[in-house]
Every structure is written in C-alpha cells, then in structure tokens.
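Below is one structure, written out as structure tokens; comments come after it.
The values are calculated or read from the model by the stated rules, or taken from the named source; none is laboratory data. On a predicted model such as this, the values are computed, not experimentally measured, just so you know. We place every Cβ from the backbone using ideal geometry, glycine too, and count neighbours over all the protein chains shown.
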Amino acid sequence: MRIFVIGATGATGQQIVERGLTEGHDITALIRNPDKFKMQHKSLRLVKGDILDRVSLDAVQQQDAVISSLGTRKISLEPVTLLSGGTKNLVRVMGQHGVKRLICITGLGAGDSKGHGGFLY
C-alpha cells in the first residue's frame, strides 16, 4: 500500500513509519521540519508541509490510506485547533483526491498522559 503519514516526527509516528516500511509499504510522510526526521529508506518520501495548509496536503494524492498520529506538546489554556482544523483540511483534501481510508491515533489518556487533556478529562 501507499500510506500517507502525518505526525511522523513524534514517537508514535516514527513507529508507524518504521512498521510500514518493514511491512513493505511505500510511505509518504508530511513533516513540518525535515531536519527533525533522520530515517531514510528507498520506500520513504518526505514532504515538507503542514496539516493546516491545504496545499501541503495535496501530497495525499495517489495514496491508498492516511494514518495521522498528530499531537501537540503544548499545554495551554488557549484553544488548540491543530487537530480539529488539520483533520478538517485533511478530510476535505482526501475527498478531492479520492482517498477513502483514514486512521487517527492518539496517546491521550494512555500511560503518563494524565493531566494533558484539560479539566474535563
């Protein structure tokens, strides 16, 4: 499969990319800062971009599936719209390019993430 990975520089994203490559998939990783990503492989393509920028997401074209392990390290009282705004952009662009498979993964609520979800969590 051709898999588009978002959040590949995070711990979970790196595991997704490694596993995908090990399983023989072609991986395209959307990365804001390619200098942060040291992995290299003949079946790995890095695309510099941002999930909040719809033009960046055109790299999803001709992919079979998308895996998003996007997260934020910020702890803030301000609204964080990275996940909601980014996923909205992603779904819209996926629809334009006919990509129908989306997996979203989060670690919120697992392990030592207690306290990262705000008051309601």
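Things worth noting here:
- Candidate set: segment 1-42, residues that are among the hydroxyl-bearing types (Ser, Thr, Tyr) and surrounded by 13 or more Cβ atoms within 10 Å (Cβ to Cβ); chosen: the one nearest to Val66 (Cα to Cα): Thr28
- Conditions (1) part of a loop (DSSP other than H, G, I, E, B); (2) in contact (Cβ under 8 Å) with a residue 60 or more places away in the chain; (3) in contact with a Phe, Trp or Tyr (Cβ under 6 Å, 6 or more places away or on another chain); number of the one not met by Thr9: (2)
- Residue match in segment 56-68 (condition: within 12 Å of the chain's Cα centre (by Cα), assigned to a loop (DSSP other than H, G, I, E, B) and either among the charged types (D, E, K, R) or modelled with pLDDT of 95 or more (or both)): no
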